[in-house]
Amino acid sequence: RSESLIELYYVREALEGMACRLACERLKTQSVAEIEEILEKLVDYSRVHFASEQLLMHLDGYPEREHHGRDHETMLKDLEALRASWRTGEAGLPVERIDELADRLVRHIDPPDRLLGQHLMRQATGI
């Protein structure tokens, strides 16, 4: 399980990086293709990361798994809605929505993901 925990952290770091990169690309008004690629990766990585966390929380009986899981569902729906509005050209990507999304990802990581990581580490090491 410690390997799963390490992988979870790598994916989390990638998610943070993609959210920041998305904000930077939007501000630089880069090509539509570059922004689309970042959005696709952000949604895909989030889906994988959240599913991995859900599985680990279930296997280890994490007490906050229902609340944490609802947070995952909400964020994934919001990410998918952002991607859908980008694809249809409804709203583009206003800086406020990107900033809000990046802020929510960071707030989800600390403290909720940090606490989950501590719990999983205790389970894996018995400490």
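The values are calculated or read from the model by the stated rules, or taken from the named source; none is laboratory data. The model shown is predicted, which means the values in this text are computed figures rather than measured ones. So basically every Cβ, Gly included, is an ideal-geometry build from the backbone, and we count neighbours across all protein chains shown. Calculation scope for accessible area: heavy atoms of the full protein, side chains included, ligands and nucleic acids excluded. Shrake-Rupley method; radii C 1.70, N 1.55, O 1.52, S 1.80 Å.
Entry remark, the range 52-80: residues being under 17 Å from MET18 (Cβ atoms), among the aliphatic types (A, V, I, L, M) and open to solvent by 50 Å² or more (accessible area, probe 1.4 Å) number 0 in total.
Picking from residues in the range 49-106 that are more than 19 Å from HIS119 (Cα to Cα), aliphatic (A, V, I, L, M) and in contact with a Ser or Thr (Cβ under 9 Å, 6 or more places away or on another chain), the one that is modelled with the lowest pLDDT is ALA91. If you check ARG47, ARG97, ARG83 for being surrounded by 14 or more Cβ atoms within 10 Å (Cβ to Cβ), within 11 Å of the chain's Cα centre (by Cα), under 20 Å from ALA19 (Cβ atoms) and among the charged types (D, E, K, R), only one passes: ARG47.
Pairs under 7 Å by beta carbon, first residue closer than 18 Å to MET75 by Cα in the range 112-127, partner open to solvent by less than 90 Å² (accessible area, probe 1.4 Å) and part of a helix (DSSP H, G or I), six or more apart or different chains? Note: pairs meeting the criteria are PRO112/HIS68; PRO112/ASP71; ASP113/ARG12; LEU116/GLU53; LEU116/MET57; LEU116/HIS68.
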